[in-house]
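Read the structure below first, then the notes.
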Amino acid sequence: MALQSVLKTFSAQVPWQQLHTQINNKHTVFLDHFVGSTPSMLVAKLAQKYDKLVVIHPDTESAEFMQGDLENLDISHANFFPTTGHNPYDEQQITNSAPVVQRSQVLEKVINDPKSLTITSAPAIFEKIVAPDDFAQASITIEIEETVDPAQLKEQLVDQDYEPVKFVNHPGEFAHRGGILDVYPFSGEYPIRLQFFGNEVDSIREFDPDSQRSVSFLNAVRFVPDASGLRQDQKSSLLSYFDDDTVIIMLNHSLIHGEIEDQYTEAVSTYDELDQDEEHLSPDKLFVSPEHFEQSLDNHPLIYMGGFSEEETVDWTYRLDAKPQPDFNGSIKLLRDKIKSLTNQSFDTYILCDNEGQRDRFEELLGEPSKELRYHLSVETIHEGFTLNKQGLAVFTDHQIFNRYHRPKVRRKKHKNNISVKELRDLNVGDYVVHVDYGIGKFAGFKKIEVRGIEQESVVLRYQENSVLYVNVSSLHKIQKYSGKEGTSPRISKLGSGRWARKKAETKDKVKDIARDLIELYAKRKSKKAFDFSRDTSWQTEMEARFEFVETPDQREAIEAVKDDMQSTTPMDRLICGDVGFGKTEVAVRAAFKAVMDHKQVAVLVPTTILADQHYKTFAERMEDFPITVDVLSRFRSRKEQKETIKKLKEGKVDIVVGTHRLTSEDVDFDDLGLLVVDEEQRFGVKAKERLKEYRATIDVLTLTATPIPRTLQFSLMGARDLSIINTPPKNRQPVQTQIHSFDEDLIRDAITQETARGGQVFFIHNRVKNIESVANMVRKMVPDVRIRYAHGQMSSSKLENIIEDFYDHKFDVLLSTNIVENGIDIPNANTMIINRADHFGLAELHQLRGRVGRSNRKAFCYLITPDIKSLTDEARKRLLALEEFSDLGSGFNIAMRDLDIRGAGDILGAEQSGYINDLGFDLYQKILNDAVKELKEQEFNDVFDDVEVEIERPDTQVEFDRPALLEDDYVSDNVERLNLYRKLAGAESLEEIHEWKEEVEDRFGPITDAAQNLITSTVITHYASELFVTKARIRSDRMWLNLPKHDSELGEEFYGDRFQMLLKKMQDNAEDRFKLVQKDDRVRFVIHDIPNLEAAAEFLKELTTSKRKEVNLA
């Protein structure tokens, strides 16, 4: 552990005895010149000696960096106390619950843990919280086997601002069902499930709010109040939680004081502007004033680090002989020279790497450590490196060597107050549903139906002309919630017409044609030979080490897959799919470099002139330290320049060329083209695509797309095309700070002014062409000194491109546009986005729009502007919250995936397919696609896919019996939840899944009822019977009838033969004289006697399937 050695060496330089004396005497100390991460080192050592410490930073980011350092230094009791960013005077603001929960959690530890180290910031200190006595008194502790009145406990929770709900999903909620009380506390990672036996606490379990399943058992639990709640007029500051012996460390006291002063002045100003007829608490009740802050420091031992002011009086000063890490600007030569110099001075040099890949690169670039070049490599990290001259210590971080942004790695609990994937897929009355056999209808609720005197539950679906279809709960695997393009409604089907069956057949034929083309191209490619590229050179390693970000695992896999393809003799045709800003271009850069190292030329084909220019700059920058020529071919170049580039391409004087469809023209020839990179192929015309088809069979082709490919579609295309999916965003990219606000001119003015003041640019999204010019004029009036232009899709392509190009060249500051910027525009200098009427956009659109900012090392902001937040629907509010809370790139991506999947399928398979997807719903479309590809592989292309196992689809077995099988209303009272449980059981594909379903229901709702057990057993019977190819099982009057497939059916062809003979033998062995075989016309069935109940039927079928498996294995 290099960091522990570094900490030990650092400790040897600090005069601890003197420092401890000053602290024990409650003196004020000034520590100067603590550069890099040395303040973290100091705090780590102090935390080992003192029980209570508080470290205050001027801002959140620097506090998070120290928290990350301390976690890497194994200081386990360091707790980060965040700001909520909540403005109590803004009723329209929605507050993210994660920091609220984290604050309560830290306060609980401060009060109850003997040792606590609290890292916080001026904005967090500024917000007052519940007073320590109130917090302690309101906390509720519950232990196993304790006697607790559930009704009284619920009252206490309500007093603590907990809200009663049906099922808990968010902190501050509780739900009561029979003998179970679920509570989502304001602290802790998971919600808590209390199971009562009468008034005795029978068990305490943590559970997952998404699955609602228990994850662990506890002996006791403590419910704490919301840190910002309870008596609003009796609030206190964070420092009131600490006694006078607590050491307080401030990193730049003058900046901390200034931040609190600025925020308090703003709060007073806001308060003065409020409607005085309404009751509002004054700022001193809600916030810590600068005077209050300074008073709260009295009587504490204080340590000032940096930002020393002459007004401050200190008792003792110490200056550390330290220097910050030098700038290497990505130069391995400068780094090597520095290490040699340090080696000559007998320094210990440590290079800390973010991951193993970086460590391996340094080993290759620097070579083995030697007498002349002594250094240590370690996969550990801190925020900033430093050197200590007296101790002969140098600590360098890889992210600083290569000028990467380093993101603090703070372990945070994930709490959500947004909509989940599960909630999006839940069925509610009125939702559109797709029944595989009957088409699209509307879910109309449940109906209890009596069948032969036994009550059964059915789902009601309504179709055209108010026709009704009753679907038994055992057949719910046949219905899915309709998912088409966001914002579109499907056409409801007509029962009894053949239109639905015709539409399915037509879709299958069309899908087969597309899949056939893909597979034919694949087969053709496999039969051709291509150039096999050499292994990586040392130059390749050096170029890759300079990459600005740390590669994600997905990205590394994609890079390795591309290199393996290039080093094989089969032409590469790989599709790299990844979200906006996930690093696809870097994969292409490395492939291009590899090709040039073998003296091959590379063509990079992009759909727009702007992208050509951007890619040209990216490739040129990455190649600038190597003898590689990069050029561009697009309409931004004069005819003379284009002619010259084409001539050089033919002569082999250009290594890499980036261009638009101009590259596919007849007059463009290459001396020795080895690699073609295509960006967003679906955006090219027919001619360009035909030219690409020619290339594919002979040279290596790498295609990039930002449109996500649905997972099920990935499996369908596998084998027809090589795929690499990059699902994770770059680790060290700054998250986009996302906020929801109602329309406010001051907010918009401030957002634009703040961005332009730091030299940046702003996207303002307004999605109505009709009044876009008047909105631009309105914004001009707000910020008259800012240069503003507008753009929309109805402009000519050349005019639009010129505007975007001017924006890229920073010829103006604010681009006001429709959502045309959603794809393919990379403006690293634009790091603020304002989206007007964000409630009118789909989650997928918002997700991709926001991906336009935060593409550099700067902090990025996205403001979602809505009407009065109270007027939004619950779902609209939750969707926007999903985006606000998941500010990281790629997070919340699963939620946006449904709409993006639909777009992706349309983009990859062609626009016509989007129509079929909307007609059938995405889930059924995917099933038809998978079936079509499977048939092609098994039949037409079985010689190409000779390793593919042919799978016979099992029958959809019906089971009839005379017992009630349902979830009773008083057992699962919520209709939506009941339906989703039915659907989950009906869709179970294995006995394990059925068992898990039973455990889940028992866990969430208490002991299984008889009717629920019948439902489970009948599902087990269906599973076994289907495995035996039984089409129908009927259990009644101590007998079981098993219907076998018809002889002339597809199932019958597979069944009659070895399978039938085997089953016949097993029946004879297991049932002796209890069964008989009955045949009538082409129908065959077994009749088995002495089957008194469902359990006996399940057991009998289990014996048959177990025997069948043994027989198959023996064979």
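To keep it simple, each residue is scored yes or no on (1) aliphatic (A, V, I, L, M); (2) surrounded by 19 or more Cβ atoms within 10 Å (Cβ to Cβ); (3) within 25 Å of residue 80 (Cβ to Cβ).
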position: 3; (1), (2), (3): yes, yes, yes
position: 6; (1), (2), (3): yes, yes, yes
position: 12; (1), (2), (3): yes, no, no
position: 25; (1), (2), (3): no, no, no
position: 29; (1), (2), (3): yes, yes, yes
position: 40; (1), (2), (3): no, yes, yes
position: 49; (1), (2), (3): no, no, yes
position: 56; (1), (2), (3): yes, yes, yes
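Counting residues that are more than 20 Å from residue 925 (Cα to Cα) and either touching a residue at least 60 places away in the same chain (Cβ under 8 Å) or touching a strand residue (DSSP E or B) at 6+ places or on another chain (Cβ under 6 Å) (or both), which strands (runs of 3 or more DSSP E) fully inside region 424-463 reach at least 3?
439-451, 454-462
For region 142-196, which positions are surrounded by fewer than 21 Cβ atoms within 10 Å (Cβ to Cβ), in contact with an Asp or Glu (Cβ under 6 Å, 6 or more places away or on another chain) and basic (Lys, Arg)?
Within region 142-196, just 166 meets the criteria.
Taking residue 345, is it under 30 Å from residue 306 (Cβ atoms), of a type in the set (S, T, N, Q) and either touching a Leu at 6+ places or on another chain (Cβ under 9 Å) or surrounded by 15 or more Cβ atoms within 10 Å (Cβ to Cβ) (or both)?
Answer is no for this residue.
Restricting region 233-287 to residues that are of a type in the set (Phe, Trp, Tyr) and under 37 Å from the mean Cα position of the chain (by Cα), which is nearest to residue 58 (Cα to Cα)? Reasoning before the result, please.
At the first step, the residues of region 233-287 found to be of a type in the set (Phe, Trp, Tyr) are 241-242, 264, 271, 287.
Going one step further and asking which of them are under 37 Å from the mean Cα position of the chain (by Cα), we end up with 241, 264, 287.
Details: 241: 20, 264: 15, 287: 16 Å.
That would be 264.
For the condition surrounded by fewer than 21 Cβ atoms within 10 Å (Cβ to Cβ), touching a residue at least 40 places away in the same chain (Cβ under 8 Å), outside the structural domain of residue 106 (by TED's automatic domain parsing) and within 26 Å of residue 113 (Cβ to Cβ), what is the one hit in 199, 219?
Values: 199 fails: within 26 Å of residue 113 (Cβ to Cβ).
Sole residue among the options that is surrounded by fewer than 21 Cβ atoms within 10 Å (Cβ to Cβ), touching a residue at least 40 places away in the same chain (Cβ under 8 Å), outside the structural domain of residue 106 (by TED's automatic domain parsing) and within 26 Å of residue 113 (Cβ to Cβ): 219.
For region 986-1032, what are the residues that are out of contact with any Asp or Glu (no Cβ under 7 Å at 6 or more places or on another chain) and of a type in the set (S, T, N, Q)? Break it down into steps so the answer makes sense when it comes.
Just the residues of region 986-1032 that are out of contact with any Asp or Glu (no Cβ under 7 Å at 6 or more places or on another chain), to begin with: 986-1007, 1010, 1012-1016, 1018-1032.
Hits for region 986-1032 are 990, 1013, 1014, 1018, 1019, 1022, 1026, 1031.
Please go through (1) more than 19 Å from residue 533 (Cα to Cα); (2) under 34 Å from the mean Cα position of the chain (by Cα); (3) of a type in the set (Val, Ile, Thr) for residue 587 and return the number of the only condition it doesn't satisfy.
Result: residue 587 passes all but (1).
Check region 484-502 and report whether any residue there is modelled with pLDDT of 85 or more, outside any loop (DSSP other than H, G, I, E, B) and touching a Ser or Thr at 6+ places or on another chain (Cβ under 9 Å).
Yes - at least one qualifying residue is present in region 484-502.
Could you go through region 593-601 and let me know if any residue there is assigned to a helix (DSSP H, G or I), of a type in the set (Phe, Trp, Tyr) and more than 22 Å from residue 362 (Cα to Cα).
No; the residues of region 593-601 include none that is assigned to a helix (DSSP H, G or I), of a type in the set (Phe, Trp, Tyr) and more than 22 Å from residue 362 (Cα to Cα).
Here's a check for you: in region 776-809, which residue that is closer than 27 Å to residue 746 by Cβ and among the small types (Gly, Ala, Ser) is surrounded by the most Cβ atoms within 10 Å (Cβ to Cβ)?
Taking the candidates together, the pick is 791.
Would region 1006-1013 turn up any residue that is in contact (Cβ under 8 Å) with a residue 24 or more places away in the chain and either of a type in the set (Ser, Thr, Tyr) or within 27 Å of residue 510 (Cβ to Cβ) (or both)?
Yes, the conditions are met somewhere in region 1006-1013.
Find all pairs meeting these conditions: Cβ atoms under 9 angstrom apart; at least six residues apart or on different chains; first residue within region 1066-1078 and at pLDDT below 80; second residue among the acidic types (Asp, Glu).
Pairs that qualify, where the first residue is at pLDDT below 80 and the partner is among the acidic types (Asp, Glu), are 1066/1103; 1066/1111; 1070/1103; 1071/1090.
In region 277-285, is there at least one residue being of a type in the set (A, V, I, L, M), surrounded by 12 or more Cβ atoms within 10 Å (Cβ to Cβ) and not in a loop (DSSP other than H, G, I, E, B)?
The answer is no, given that none of the residues of region 277-285 is of a type in the set (A, V, I, L, M), surrounded by 12 or more Cβ atoms within 10 Å (Cβ to Cβ) and not in a loop (DSSP other than H, G, I, E, B).
Taking region 698-747 on its own, how many of its residues are modelled with pLDDT under 65 and in contact with a strand residue (DSSP E or B) (Cβ under 7 Å, 6 or more places away or on another chain)?
Here the count works out to 5.
The values are calculated or read from the model by the stated rules, or taken from the named source; none is laboratory data. Being a predicted model, the structure only gives us computed values, none of them experimental. Note that each Cβ is placed from the backbone with ideal geometry, even for glycine, and that neighbours are counted across all protein chains shown.
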